[in-house]
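Please treat every number below as a calculation from the coordinates, not as lab data. Being a predicted model, the structure only gives us computed values, none of them experimental. A quick note on method: Cβ atoms are made from the backbone with ideal geometry, for glycine too, and the neighbour counts reach across all protein chains shown.
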Amino acid sequence: MDPIFIIGTERSGTNLLRLILNTHSNIAIPHPPHIMKNFFKLEPLYGDLNKSASFRRLIKDVIKMVELHPYPWGIKLDAERIFRESAQRNLINVFFGIYNQYLENASKARWGCKSTFMINHVALILKYYPSAKFLYMVRDGRDVAASAKKSIFNRYCVYYTAQAWKREQQIGIFWLNKLPRDNILLVKYELLLEDPEGITKSICSFLGEPYQENMLNFFHTQEAKKSGSISASWRNTASPIIKNNSEKFKTELRKEEIELFENIAGQELDYFSYALTQPFYISESERARRIRFKLSYWIEDVFLMLKVQWQHFFTDKNNLFRFKKFWFLKLIRLVRAIKWD
């Protein structure tokens, strides 16, 4: 069956959507180790992947990264099977092979991927799965920025979050306008909070799956309990849907932070009907003049990183895996850049 891809921006409720869909008896969506994000730029360092030794090295390293994922999958991946069954010798087929093995272990009918960064690889996915289903999830970018300041899995300063949110929404809007309605569905986080049953039913209809009553009881599942226990950044996933979890930026961001975000991504906020605190008639050129990189943004980003990392060091169970995965990827970049054949 056609795979499912939840795309968009981190801190947009995609973990919530993953758990809702994973509760379905036909759908298996593991927590993502972000294979394409972490290895896409490393792939050329493996040399000619038509050489068996080079392709096997790539498979081995990707599997090792999955094993170091802070959210353990708990399955043994078969590298030789991925080698044999890959339609082509490239990273995307290693990715497909890994998810196919996860699906078999889950004993369900179709797999999904919650790596929001797959928004950068839509065309590549469609090359192999022309009927793939994309759930493009959008949340008010200012709320994304407020959430990002407290999470360890992103940049922290509003300046950087706004730049990333704008870029990813521009990509998402492109595909939203280009792909047939059978391929892509816009899911707004705020609407999911307001009407979880209605939105979940519309998602199931888009996916061609029957709606199941237990989907909104996701927080009772072992997967949700595991998610909520591993990191403070995922704590809410072990609870029922929080209906008032929107427009928090109004109290959690400073006035100048809100204005900065709107100056950077005002057009995209307006596209998705998120009301601006500044008049939208301000021209793009005028907004652009208000955007100035300041050293203070970088300093704030570093300060928040240290603060949040320190806080999570005492609350998260996945710190050792996070650090191992981080340094493993750094080592891979160093080793493969020095020598491959």
Completion exercise
For P(r) over Cα pairs in 20 Å bins from 0, in percent, with candidates [x] 30, 56, 13, 0; [y] 24, 44, 22, 9, 1; [z] 29, 60, 12, the value calculated from the shown model is option [z]
Practice task
Quick one: order W298, W310, W73 by neighbouring beta-carbon count within 10 Å, fewest to most.
Solution key: W310, W298, W73
Exercise for the section: Rank these for me by crowding, V187, V158, going from fewest to most other beta carbons within 10 Å. Expected result: V187, V158
Completion exercise
Given unit charges at Cβ for Lys, Arg (+) and Asp, Glu (-), the dipole magnitude of region 4-338 about its Cα centre in debye, nearest 20, is 1200 debye
Handout entry: Spin-label proximity, L179 to region 1-21 - amide N less than 15 Å from point 7 Å beyond Cα toward beta carbon
Key = 2-9
Problem - Over the chain: helical MRE at 222 nm, DSSP H runs n ≥ 4 each giving -39500 (n - 2.57), nearest 500 - result: -16500 deg cm²/dmol
Problem - K64-Q267 FRET efficiency (beta carbon distance; Förster radius 51 Å; 0.05 resolution) - result: 0.75
Practice task
Select from L207, L260, L295 the residue whose mean-square fluctuation is largest in a Gaussian network model of the chain (Cα-Cα springs shorter than 10 Å).
Solution key: L295
Handout entry: Per DSSP, loop trypsin sites (Lys or Arg not before Pro) in region 49-79 with at most 14 further Cβ within 10 Å
Key = K51, K76
Fill in the blank from the handout: Row for region 74-149, column shape: gyration tensor on C-alpha, a ≥ b ≥ c, rounded if a/c < 1.5 i.e. under 1.5, prolate if a/b over b/c, else oblate; value prolate
Handout entry: Centroid-to-centroid separation of region 151-200 and region 13-34 [C-alpha atoms, Å]
Key = 16 Å
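Quick one: F303, F328, fewest Cβ neighbours within 10 Å first, how do they rank?
Values: F303 13, F328 16.
The order, fewest Cβ neighbours first, is F303, F328.
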Handout entry: Pairwise label distance in nanometres, Q212 with L186, each label 7 Å out on the Cα-Cβ vector
Key = 3.0 nm
Handout entry: Neighbourhood charge, 14 Å Cβ-Cβ cut-off, centred on N93 and excluding it, Lys, Arg +1 and Asp, Glu -1
Key = +3
Completion exercise
The extension gain from R254 to L276, computed as 0.36 nm times the residue separation minus the Cα-Cα distance, is 6.5 nm
Problem - GNM top mover of S115, S131, S296 - the chain, alpha-carbon springs below 10 Å - result: S296
